[in-house]
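The values are calculated or read from the model by the stated rules, or taken from the named source; none is laboratory data. Everything quoted here is computed from the prediction, not taken from an experiment. When we count neighbours, we look across all protein chains shown, and the Cβ atoms used for this are built from the backbone with ideal geometry, even at glycine. Just the protein is used for accessible areas: all its heavy atoms, side chains included, with ligands, DNA and RNA removed. Shrake-Rupley method; radii C 1.70, N 1.55, O 1.52, S 1.80 Å.
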Amino acid sequence: MYTTWNWFLGVLHLVTWGSSSTLLTIYAMPPQSPVQCSTTGGCTLYNSYGVWGDRKDYHAPNVTYPTTEQELRSVVAYANQNKLKVKVVTKFSHTIPKLACPTSNSEASLLVSTEKYNSNIVVDKENLVVTVDAGVGLRELIDKVEEAGLSLVAAPYWEGVSVGGLISTGAHGSSWWGKGGAVHDYVIGLSLIVPARPSEGYAKIIRLEAQDPLLNAAKVSLGLLGVISKVKLSLERGFKRSVTYNFTNDDHFEDVFMDHAKKYEFADITWYPSKNTAVYRYDGRVPLNVSGNGFYDFIGFQSNLILVSKSIRATEKTFENTRDVKGKCTLATTTVSAKKLVGNGLKNGLIFTGYPVIGQQGKMQTSGSCLYSSSSFSTCAWDPRINGLFFYETTAIFPAPKFGDFIRDVKKLRDLNPENFCGVDVYNGFLIRFIKASGAYLGQSEDSVVVDFNYYRATEASTPRLNQDVWEEVEQMAFFKYGAKPHWAKNRNLAFLDVQHKYPNFNRFIAARKQLDPQNMFSSEWSDEILFGKDAANKGDGCALEGQCICSEDRHCSPENGYFCKQGLVYKEARVCRYSQSSSDNEYFYGIRY
């Protein structure tokens, strides 16, 4: 049952996120390193959520921390000479799939961290270019560029990424204007360290410039072509932005999203389906002489008191265990209302006082205040050390003409019972952004719409989730009915099925991989599983619960807990794990028989 105490926790959760982050920053602990090594030998690699998609830890004999480009070259040479598999990891490790893991034969592997390869940021004001070491963090890059009176136009909303990592995986903001919202489309040069012949010292540095055809392969390479050492990005003269959020009804937003994206340079839309609410971001440039020193401190990326994060997780877990849909809906109502109250983290000064919020580009495009400080009272809400928030993150990238029909189908599913969509609104609803067509082989070949949504993940892999079938149907609808591409750094494994056929230049990327890494030093069974969209070799019991497969038999779900493999309600071709009395009941769901 949803108690007054639970409701209070929900309010506290959002008020903490939405208030000034100054106090929390003083008493917060930054995320731990993704590589943890023991004193007795051996290291374990984690992603930022502390758990890989298959829930199996990755162990490596050791990790090396080069500080210069030449040291990086020497590491690649050593690995080539000794026939080791190599993967690069960063200070932040936000890749959800196992792209950073070299091989299951850990003794034949080497982890290379760019955490300490982060000292050089060279800004060329005259030519509007910055050249940066691959390990430099995004915030450090933005601040250095802004100090020179220039601006980096595109960046992801989360700043806890390195330059090399974010371009490798296709990280993006939101824009159909100019070069668009993807950071890799501002890359005009790149240095790559690749294996070489013994006569060349077993490794060499190649410099790719704007006209080199290999640059389109290297921009979004998933770490499969070599080690990125330096990145050259185009810049623009410094500018300000003005941002207003309009919380309104979700009627017809599937018909007007293109007009919205064309009207505002940095437009996005957040959709809360259970609340019938769409939030339009009116976001564009204003002259530098317009007054305003605001900034964006997204509430989901602020430090949270550890007690609050743990309490919210415990509350949601209770809803799951008791199948309390209404409890989740009450929390979703609190969430959306509080976000509206605090402008979703926009601040005119210390707090949000009203729209528009105007500030320098470097303060408006990206955030992540939970990254910075050193005590132990609060941290990022998902920090695995505290048993706080734990969730899946699905990101689907649609050709723009198909997006409206996808939303119409999701609305049909929602309208069968809106309460069953409250689970996504407890997090961030559906975040809708825009990416322009790109020349990158593993980028978007046409103007696209990106949808991100987060939803509860069980603590144990064998535990099914409340309304699990809803999110499986939406997920399969996106990737299979409408042919959306998965974001390379996010998603459950099933999202990558048959992905190679969704990229017109996929074979060109494979040809570049063969040219630069003929022995597959930088590939692994896990990266091949993602890149080639392979289905699970052996569909084990419960594999659909974690998105490791699509169910075709009841045992792929959790029949002992009442979850059976059923067809979708709107997308009939979907196969989902749905709660029911038995696998053969004439059941009623959402008030209808199917």
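Of Y392, Y372, Y355, all but one fail to be under 19 Å from S33 (Cβ atoms), touching a strand residue (DSSP E or B) at 6+ places or on another chain (Cβ under 8 Å), touching a residue at least 24 places away in the same chain (Cβ under 8 Å) and of a type in the set (S, T, Y); the exception is Y372. A residue that is under 30 Å from E115 (Cα atoms), in a strand (DSSP E or B) and open to solvent by 20 Å² or more (accessible area, probe 1.4 Å) occurs nowhere in the range 282-290. The number of residues in the range 233-260 that are open to solvent by less than 60 Å² (accessible area, probe 1.4 Å) and part of a strand (DSSP E or B) comes to 11.
The residue of the range 53-74 that is farthest from T95 (Cα to Cα), among those that are touching a Pro at 6+ places or on another chain (Cβ under 8 Å) and open to solvent by less than 20 Å² (accessible area, probe 1.4 Å), is L72. For G368, the test of being open to solvent by less than 30 Å² (accessible area, probe 1.4 Å), in contact with a Ser or Thr (Cβ under 8 Å, 6 or more places away or on another chain) and at positive phi is failed. Tell me yes or no: at least one residue of the range 496-504 is basic (K, R), touching a Ser or Thr at 6+ places or on another chain (Cβ under 8 Å), within 23 Å of L166 (Cβ to Cβ) and part of a helix (DSSP H, G or I). No, the range 496-504 has no match at all.
Only one of the numbered conditions (1) open to solvent by 10 Å² or more (accessible area, probe 1.4 Å); (2) under 26 Å from D259 (Cα atoms); (3) in contact with a Lys or Arg (Cβ under 8 Å, 6 or more places away or on another chain) is not met by P401, and that is (3).
Of all the criteria given as (1) within 25 Å of V279 (Cβ to Cβ); (2) buried (at least 21 other Cβ atoms within 10 Å of the Cβ); (3) in contact with a helix residue (DSSP H, G or I) (Cβ under 7 Å, 6 or more places away or on another chain), the one not satisfied by V450 is (3). Could you say whether any residue in the range 529-538 is open to solvent by 40 Å² or more (accessible area, probe 1.4 Å), touching a residue at least 12 places away in the same chain (Cβ under 8 Å), polar (S, T, N, Q) and in a loop (DSSP other than H, G, I, E, B)? Scanning the range 529-538 turns up no residue that is open to solvent by 40 Å² or more (accessible area, probe 1.4 Å), touching a residue at least 12 places away in the same chain (Cβ under 8 Å), polar (S, T, N, Q) and in a loop (DSSP other than H, G, I, E, B). Can we say K502 is within 22 Å of D535 (Cα to Cα) and either free of Cβ contacts under 8 Å to residues at least 24 places away in the same chain or among the hydroxyl-bearing types (S, T, Y) (or both)? Yes: the conditions hold for K502. The residue pairs whose first member lies in the range 52-72 and is over 22 Å from G42 (Cβ atoms), whose second member is of a type in the set (A, V, I, L, M, F, W, C) and outside any loop (DSSP other than H, G, I, E, B), and whose beta carbons are closer than 6 Å, counting only pairs six or more residues apart or on different chains, are L72/I193; L72/V227. So E209 ticks every box in (1) open to solvent by 20 Å² or more (accessible area, probe 1.4 Å); (2) closer than 22 Å to H94 by Cα but one. Which box is left unticked? Here E209 meets the rest and fails (2). Scanning the range 445-462 for residues that are under 16 Å from the mean Cα position of the chain (by Cα) and either farther than 13 Å from V424 by Cα or aromatic (F, W, Y) (or both) yields a total of 5. The strands (runs of 3 or more DSSP E) falling completely within the range 78-133 that include 1 or more residues that are small (G, A, S) and over 21 Å from G53 (Cα atoms) map to 109-113. Candidates in the range 379-398 are the residues that are hydrophobic (A, V, I, L, M, F, W, C) and part of a strand (DSSP E or B); of these, the one that is most open to solvent (accessible area, probe 1.4 Å) is F391.
Please enumerate the residues belonging to the range 341-378 that are outside any helix (DSSP H, G or I), over 16 Å from F295 (Cα atoms) and out of contact with any helix residue (DSSP H, G or I) (no Cβ under 6 Å at 6 or more places or on another chain). Y372, S374, S375, S376, F377 - these are the residues of the range 341-378 that are outside any helix (DSSP H, G or I), over 16 Å from F295 (Cα atoms) and out of contact with any helix residue (DSSP H, G or I) (no Cβ under 6 Å at 6 or more places or on another chain). Looking only at residues of the range 453-465 that are part of a loop (DSSP other than H, G, I, E, B) and open to solvent by 10 Å² or more (accessible area, probe 1.4 Å), we find that the one that is farthest from V51 (Cα to Cα) is P464. In the range 177-198, which residue that is farther than 22 Å from S229 by Cα and surrounded by 24 or more Cβ atoms within 10 Å (Cβ to Cβ) is nearest to the chain's Cα centre (by Cα)? Looking at residues that are farther than 22 Å from S229 by Cα and surrounded by 24 or more Cβ atoms within 10 Å (Cβ to Cβ), I get G181. E553 fulfils the conditions (1) of a type in the set (D, E, K, R); (2) farther than 26 Å from L224 by Cα; (3) free of Cβ contacts under 8 Å to residues at least 12 places away in the same chain except for a single criterion, (3). Mind listing just one residue for me: the one in the range 107-120 that is modelled with pLDDT under 95 and open to solvent by 30 Å² or more (accessible area, probe 1.4 Å) and, of those, farthest from L166 (Cα to Cα)? Among those residues, the one meeting the criterion is E107. The selection criterion, being open to solvent by 10 Å² or more (accessible area, probe 1.4 Å), over 20 Å from W488 (Cα atoms) and in contact with a Leu (Cβ under 8 Å, 6 or more places away or on another chain), does not hold for G201.
State the number of residues belonging to the range 293-306 that are in a loop (DSSP other than H, G, I, E, B) and open to solvent by 30 Å² or more (accessible area, probe 1.4 Å). Looking only at that region, the number is 1.
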